[in-house]
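The next block holds one structure in the form of structure tokens; read it before the comments.
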Amino acid sequence: MTTATLKKDFVDPRDIYQAPWQFHQAIKVTGGALLFVSGIVGRLPNGDVPKGDVVRQAELAYANLERVLAAAGGSMRDIVKTNVYVHANADYGSVRDALREVRGRYFTADHPATTLLQVPGFANPDYLFEIEAVAALDG
């Protein structure tokens, strides 16, 4: 059995608006395998959530996301798409800015395609946001 080599082509047409944040408009993936990551939140291994602390929740969520990818044989560089859901009752500007700052520590190049959405709530009222991801892995 022959395995195709993973290739990611970043698509950023010059004739549409430029991304206002660090992401690509689209990413074309050929070869490899796709990993779909469920919503990841800022929870500690014991289940505790740092209530009201968006920076700490962001740090935990991105660290948790990184661990999930590692368990599947990947890394943050393999992520091609994220959906970030922010609680509608949260201070949107503060949450967005905190997420942007923490996210920047994990995505330093080849930024994934990204969508940021406001939602009415989460399964736990202490969650301020949630992150879903799709990663393109070799093999």
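Could you list, in sequence order, the residues of region 89-133 that are crowded, with 16+ Cβ neighbours inside 10 Å and in contact with a Ser or Thr (Cβ under 8 Å, 6 or more places away or on another chain)?
Matches in region 89-133: 112, 113, 114, 131, 132, 133.
Mind telling me which of the residues 109, 136 ends up being closer than 24 Å to residue 26 by Cβ, assigned to a loop (DSSP other than H, G, I, E, B), at pLDDT below 95 and among the hydrophobic types (A, V, I, L, M, F, W, C)? Spell out the reasoning first.
On the way: 136 fails: assigned to a loop (DSSP other than H, G, I, E, B).
Answer to the check: 109.
Being among the β-branched types (Val, Ile, Thr) and part of a helix (DSSP H, G or I) narrows it down to one of 86, 95, so name that one.
On the way: 86 fails: part of a helix (DSSP H, G or I).
Just a single option satisfies the conditions, and that option is 95.
Listed here are the residues, each with its yes/no results for (1) farther than 18 Å from residue 49 by Cα; (2) charged (D, E, K, R); (3) at pLDDT 90 or above; (4) over 11 Å from the mean Cα position of the chain (by Cα).
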{"position": "65", "(1), (2), (3), (4)": "no, no, yes, no"}
{"position": "72", "(1), (2), (3), (4)": "yes, no, yes, yes"}
{"position": "82", "(1), (2), (3), (4)": "yes, no, yes, no"}
{"position": "85", "(1), (2), (3), (4)": "no, no, yes, no"}
{"position": "90", "(1), (2), (3), (4)": "no, no, no, yes"}
{"position": "99", "(1), (2), (3), (4)": "no, no, yes, no"}
{"position": "103", "(1), (2), (3), (4)": "yes, yes, yes, no"}
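Of everything in region 1-46 that's at pLDDT 90 or above and of a type in the set (Gly, Ala, Ser), which residue is surrounded by the fewest Cβ atoms within 10 Å (Cβ to Cβ)?
Out of the qualifying residues, it is 38.
If I filter region 69-79 for residues that are touching a Phe, Trp or Tyr at 6+ places or on another chain (Cβ under 9 Å), surrounded by fewer than 20 Cβ atoms within 10 Å (Cβ to Cβ) and closer than 26 Å to residue 125 by Cα, do I get at least one hit? Full working, then the answer.
Step one: of region 69-79, the residues touching a Phe, Trp or Tyr at 6+ places or on another chain (Cβ under 9 Å) are 76-77, 79.
Next cut, surrounded by fewer than 20 Cβ atoms within 10 Å (Cβ to Cβ) only: 76-77.
Subset that is closer than 26 Å to residue 125 by Cα: none.
No, because not a single residue in region 69-79 is touching a Phe, Trp or Tyr at 6+ places or on another chain (Cβ under 9 Å), surrounded by fewer than 20 Cβ atoms within 10 Å (Cβ to Cβ) and closer than 26 Å to residue 125 by Cα.
The values are calculated or read from the model by the stated rules, or taken from the named source; none is laboratory data. As the structure is a computational prediction, the values presented were derived from the model and not from experiment. Don't worry about glycine lacking a Cβ; one is built from the backbone with ideal geometry, like all the others, and counts go over all protein chains shown.
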